[in-house]
1. Candidates [x] 3, 16, 22, 22, 17, 10, 6, 3, 1; [y] 3, 14, 25, 26, 17, 8, 5, 2, 0; [z] 3, 15, 18, 15, 10, 7, 7, 6, 6, 5, 4, 3, 2, 1; which is the computed P(r) over Cα pairs in 5 Å bins from 0, in percent?
2. Are there trypsin sites (Lys or Arg not before Pro) in the range 1-44 that DSSP marks as loop and that have at most 16 other Cβ atoms within 10 Å, and which are they?
3. Only counting other Cβ atoms within 10 Å, I'd like Thr27, Thr15 sorted with the fewest neighbours first.
4. Provide Phe62, Phe81 in ascending order of the number of other Cβ atoms located within 10 Å of each residue's Cβ, fewest first.
5. What list of ³J(HN,Hα) couplings, whole Hz, do you get for the range 69-81 from phi and the Karplus terms 6.51, -1.76, 1.60, once you set θ to phi - 60° and write x for glycine and proline?
Amino acid sequence: MGLLIVIMIIPILITIVILDKCTKNKTSWQIMLIGVEITILGVAVIAMGGGGLDATSDVFYFNLTGFVITLIGFTASIYGFKK
């Protein structure tokens with residue numbers, strides 16, 4: 001459970017720092033659209049992995065990578081909404 005929390009917190013913090021530094025000239029709509037695109041990319045990566053829970057193959061890594069990318073997309077969308 002602790003590893004899952006770390007996997008969730010690190011991308012969120014990195015996303016907030018990067019968005020704070022790189023999106024000074026962007027409107028909130030532009031940031032939210034970037035977040036939606038990143039979220040769709042994360043879901044596509046999960047779909048490429050097949051969505052299974054087999055921890056002994058590459059499917060697990062596709063799902064984990066897709067989860068992290070989706071989390072980054074959600075964070076970007078929330079950041080754009082708050083801006």
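Coordinate-derived values only; no laboratory data. Given the structure is predicted, the values throughout are model-derived calculations rather than measurements. Here the Cβ is made from the backbone with ideal geometry for all residues, glycine too, and neighbour counts use every protein chain on show.
1. Looking at P(r) over Cα pairs in 5 Å bins from 0, in percent for this model, the match is [x].
2. Of the trypsin sites (Lys or Arg not before Pro), the ones in loops of the range 1-44 whose Cβ has at most 16 other Cβ atoms within 10 Å are Lys24, Lys26.
3. The order, fewest Cβ neighbours first, is Thr27, Thr15.
4. With the sparsest Cβ surroundings first, the list reads Phe81, Phe62.
5. Once rounded to whole Hz, the list reads 5, 4, 4, 5, x, 4, 5, 5, 5, 5, 4, x, 5.
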